[in-house]
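Trainee: First, the structure itself, so that you have it in front of you.
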Amino acid sequence: MSDANYFKQDDGLVTLKYPYEAIPVPDNGRYRLHNEIDDCIVCDLCAKICPVNCITIDSVKATEDIGTTSDGTKKRLYAPTFDIDMAKCCYCGLCTTVCPTDCLTMTPVYDFSEVDIKNMVYHFTDLSPEQAEEKKQLFAKQQEEMAAAKAAALAARKKG
């Protein structure tokens, strides 16, 4: 599409046999979002910068080591909810520019029409709802144990 005389042609591309034929799309276009959840550190920057609030993220702190991303960043949070509502998205690309691990990208997929608008919400998560609840309970239990140990240490200091 970088031909300077593209619109000055006497003959050319007028009709396509869609969906069997398609005009090539530019590589730097903004299309459907995709999150590589294994590389996501659940930093929430994409949701904060989104001007239309189409990204919904919930996080749960990990009580154990959950690994690293492909660029070596340590993961400390689980993402029980990471939803992108493409019906709301304005395709500005801000979310992809602030992503520190480059896990959020715009794919070359531009034709993703749906009959039901609810199907425009894409779910990216690393946990099932049951696993998410279990991780939340483990974290709460760990916090209670830490608070009890801190209170016991404080009481021992006051005694001694």
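Trainee: Taking the condition part of a loop (DSSP other than H, G, I, E, B) and within 16 Å of the chain's Cα centre (by Cα), does CYS95 pass? Give the derivation first.
Mentor: On the way: part of a loop (DSSP other than H, G, I, E, B): no; within 16 Å of the chain's Cα centre (by Cα): yes.
Considered against the rule, which asks whether it is part of a loop (DSSP other than H, G, I, E, B) and within 16 Å of the chain's Cα centre (by Cα), CYS95 comes out as no.
Trainee: Still on this structure: Would you check if PRO100 is within 25 Å of ASP44 (Cβ to Cβ), modelled with pLDDT of 90 or more and outside any loop (DSSP other than H, G, I, E, B)?
Mentor: Values: within 25 Å of ASP44 (Cβ to Cβ): yes; modelled with pLDDT of 90 or more: yes; outside any loop (DSSP other than H, G, I, E, B): no.
Taking the combined requirement at face value, the residue does not satisfy it.
Trainee: Only one of these is of a type in the set (A, V, I, L, M, F, W, C), over 30 Å from TYR20 (Cα atoms) and either open to solvent by 60 Å² or more (accessible area, probe 1.4 Å) or in contact with a helix residue (DSSP H, G or I) (Cβ under 8 Å, 6 or more places away or on another chain) (or both): CYS99, CYS90. Name it. Working first, answer last.
Mentor: On the way: CYS90 fails: over 30 Å from TYR20 (Cα atoms).
The unique qualifying residue is CYS99.
Trainee: May I pose another question? Under the condition of being at positive phi and of a type outside the set (Asp, Glu), which residue from region 36-58 is surrounded by the fewest Cβ atoms within 10 Å (Cβ to Cβ)? Working first, answer last.
Mentor: Start the filter on region 36-58 by keeping residues that are at positive phi, which leaves 42, 44, 53.
Pick out the ones that are also of a type outside the set (Asp, Glu) and you get 42, 53.
Numbers: VAL42: 23, ASN53: 10.
Ranking the qualifying residues of region 36-58, first place goes to ASN53.
Trainee: Provide a single number: the residues in region 114-130 that are open to solvent by 50 Å² or more (accessible area, probe 1.4 Å), under 19 Å from LEU77 (Cα atoms) and either of a type in the set (A, V, I, L, M, F, W, C) or at pLDDT 85 or above (or both).
Mentor: Count: 3.
Trainee: Continuing with this model, one more query. Residues being in contact with a strand residue (DSSP E or B) (Cβ under 7 Å, 6 or more places away or on another chain) and either in a loop (DSSP other than H, G, I, E, B) or of a type outside the set (Val, Ile, Thr) (or both): count how many of those fall in region 67-88.
Mentor: Summing the residues that are in contact with a strand residue (DSSP E or B) (Cβ under 7 Å, 6 or more places away or on another chain) and either in a loop (DSSP other than H, G, I, E, B) or of a type outside the set (Val, Ile, Thr) (or both) in region 67-88 gives 11.
The values are calculated or read from the model by the stated rules, or taken from the named source; none is laboratory data. Just so you know, these numbers come straight off a predicted model, no measurement behind them. Ideal geometry is used to build each Cβ from the backbone, glycine not excepted, and the neighbour counts take in all protein chains shown. To get the accessible areas, we keep the full protein, side chains included, count just its heavy atoms, and leave off ligands, DNA and RNA. Shrake-Rupley method; radii C 1.70, N 1.55, O 1.52, S 1.80 Å.
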